[in-house]
Amino acid sequence: MVTTTKANPGPVARSIFVLRKADMFDPFGSDDIIRYGSKLKIESSVYAFTKPLKLSSTIKGASLYSPVSRNQEVSMNAQDSYNSTWIIEAVDPNVRLEMQGEPVRAGDNFLIKHC
């Protein structure tokens, strides 16, 4: 299960994650830079569990949904599938298309959307 908090717990193993490119071929470049429009995997710290867990989401169904929001549910999962693929976009929809391919800088606000 995945939870959120408004408190800042500081750097603990369960609050640290790694962003990795999802595809071997990225139309924005083959480097390790995360760019707007890139598909990525969000993985847990290796210190949180014995192997990396990926943030995954499944399609909302009659019996499969978040009990809190009644929307699509997310969880951490060791299985690597397309359910654990996300895309990073600019928060402002007016510049979203223009920002594609630009590097995401530390401190930027961004939107993470499930593929």
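Some values worked out for this structure:
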item: Under-5 Å amide H pairs with Ala22, H placed in peptide plane, nonlocal only; result: Lys39, Leu40, Lys41
item: Relative exposure of Met76, Met24, judged by other C-beta atoms within 10 Å (fewest first); result: Met24, Met76
item: Hz values of 3J(HN,Hα) by residue in segment 81-95 - Karplus curve (6.51, -1.76, 1.60), Gly and Pro given as x; result: 9, 5, 5, 9, 9, 10, 10, 9, 9, 5, 5, 6, x, 6, 10
item: Relative frequency of Cα-Cα separations exceeding 21 Å in segment 1-98, percent; result: 47 percent
item: Contact order relative to length of the chain, as percent, for alpha carbon pairs under 8 angstrom and 6 or more apart; result: 26 percent
item: ³J(HN,Hα), Karplus 6.51/-1.76/1.60, whole Hz, each residue of segment 15-31, x for Gly, Pro; result: 10, 10, 9, 10, 9, 10, 5, 7, 9, 5, 9, 10, x, 9, x, 9, 7
item: Integer Hz, Karplus 6.51/-1.76/1.60 couplings in order for segment 107-113, x for Gly and Pro; result: x, 5, 7, 8, 10, 10, 10
item: Distant-in-sequence amide H partners of Thr85 (H built 1.01 Å from N, under 5 Å); result: Cys115
item: Part-to-part distance (alpha-carbon centres) for segment 92-115 and segment 1-50, which is given in Å; result: 15 Å
item: Within straight-line cross-link reach of Lys54, aspartates and glutamates at Cα separation under 17 Å, skipping those fewer than 8 residues along the same chain; result: Asp23, Glu43, Glu73, Asp80
item: Length added when fully stretched, Leu19-Thr4, from 0.36 nm per residue minus Cα-Cα; result: 3.6 nm
item: Förster radius 35 Å - calculated FRET efficiency between Val91 and Ser45, Cβ distance, rounded to 0.05; result: 0.85
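Computed from the coordinates by the stated procedures, all read-outs in this text should not be read as laboratory data. None of the values given here were measured: they were computed from a predicted structure. Please note: Cβ atoms are built from the backbone with ideal geometry, for glycine as well, and neighbour counts cover all protein chains shown.
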